[in-house]
Amino acid sequence: MPTPRTLLLTGAAGGLGTLMRSLLPEYGYELRLFDVRPIEGEPDAITADLSDRDALREAVRGVDAVLHLAGISLEAPFEKILRSNIEGTYNLYEAAREAGVPRIVFASSNHAVGFTPAPRAGEPPVPVDTPRRPDTFYGLSKSFGEDLAQLYWDRHGLETVSVRIGSCFAEPTDVRMLSVWMSPADGARLFHAALTAEEVGHTVVYGSSANTRLWWDLTSARALGYEPRDDSEPYAEKLIAGLGELDPGNPAHTHLGGRFVVDPPVWPY
Ligand code: NAI
Ligand code: 15L
């Protein structure tokens with residue numbers, strides 16, 4: 001598939017959205033920005049909530065694809081998750097279906113499978129078809145998003161790549177992240193591959209760099225043409241010296257979802 005020219009980027013004001021605003025134009029995309037929060041220096045950005053169906057209809061008009069990052073990105077009361085992540089994602093899919101947008105790349109999360117035990121030394125990486133085990137209402141909403149994407153592919157032919165992102169930040173900041181980190185540059189590579197691969201139907205992939213300590217299987221991501229170039233290992237010595245090795249007796253260290261399985265961080269605003 002040729003590079004989609006116009007890309008709707010939801011969640012454009014957020015951490016990942018800000019990173020992608022600077023990285024994706026190099027791949028040839030013209031970005032249309034959408035977020036409930038205004039974005040400084042971006043007067044053309046659409047400032048609207050995912051509950052605003054008229055704003056979504058306007059936002060998807062004429063775009064070639066959507067990168068859907070908007071939503072609550074940590075644990076929160078169920079009612080808030082319901083509104084932003086579950087109903088909001090449904091509203092986006094409906095607008096995209098009505099407008100005939102052919103493909104969405106959905107920011108799913110490792111927390112859709114967060115209660116899955118991390119592989120121990122010598123065990124194989126977690127496959128993409130492992131049963132979903134959400135660790136929070138947040139993870140549950142990502143599980144819903146993946147099922148919604150499957151439904152819209154099977155019923156309406158709207159394609160999605162659901163990317164179960166690990167931790168996409170400038171650097172890994174704890175020992176678990178050595179296994180699940182996705183560098184921002186690899187994030188842009190993966191989103192570009194997901195936006196341009198041929199005939200994806202609904203494909204689920206894990207989103208991370210080629211980490212030496214990787215916990216999951218990147219085969220389905222690589223099948224899209226993704227070639228990660230980064231590895232968290234250069235950060236390992238300093239992180240382990242400061243924080244210690246992962247503790248096999250601590251559930252937050254032995255499940256994919258990390259601290260979300262015991263002490264989920266809550267919505268900060
Ligand atoms: P973030 O919290 O920094 O950004 C999310 C953005 O969505 C915010 O700018 C917020 O204003 C916007 N938003 C929230 N509710 C909205 C609504 N109802 N209507 C319109 N906009 C709304 O999160 P971050 O880190 O940028 O993550 C982006 C996406 O990727 C999220 O969906 C998150 O769940 C997912 N993700 C991120 C990971 C990471 O490592 N950064 C890991 C796994 C998944
Ligand atoms: C996520 O899904 C969150 O959005 C992000 O803030 C991180 O907590 C990440 O997962 C993670 O698991 O490290």
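Taken over region 6-261, the convex hull of the Cα atoms encloses 123 Å³ per residue. Ordered by 1.4 Å accessible area with all protein chains kept, 169, 260, 144 run largest first as 169, 144, 260.
Look at the alpha carbon pairs under 8 Å that are at least 6 residues apart: their mean separation over the length of the chain gives a relative contact order of 19 percent. Using C-alpha pairs below 8 Å separated by at least 6 residues, the relative contact order for region 59-218 is 25 percent. Going through region 1-110, which trypsin sites (Lys or Arg not before Pro) have at most 15 other Cβ atoms within 10 Å and a DSSP loop state? Answer by residue number: 5, 61. So what's the net charge close to residue 82: Lys and Arg +1, Asp and Glu -1, counting the other residues with Cβ under 14 Å from its Cβ? In short, -1. Ranking 89, 208, 266 by how far each Cα lies toward the positive end of the dipole of the chain (charges on Cβ) leaves 89 at the top. Across region 208-255, the relative contact order, built from alpha-carbon pairs under 8 Å that are at least six residues apart, equals 36 percent.
Counting Lys and Arg as +1 and Asp and Glu as -1 over every other residue whose Cβ lies under 10 Å from the Cβ of residue 13, the net charge comes to -1. What's the longest piece of the chain with no exposed GluC sites (Glu not before Pro), counting a site as exposed if DSSP puts it in a loop and it has at most 15 other beta carbons within 10 Å? Of all site-free stretches, the longest is 41-197. The slack in the chain from residue 229 to residue 40, taken as 0.36 nm per residue of separation less the alpha-carbon distance, amounts to 64.9 nm.
The values are calculated or read from the model by the stated rules, or taken from the named source; none is laboratory data. Just so we're clear, the structure is a prediction, and the values are computed from it rather than from any experiment. As a convention, Cβ positions derive from the backbone with ideal geometry for all residues, glycine included, and neighbour counts pool all protein chains shown. With ligands, DNA and RNA removed, areas are computed over all heavy atoms of the protein, side chains included. Shrake-Rupley method; radii C 1.70, N 1.55, O 1.52, S 1.80 Å.
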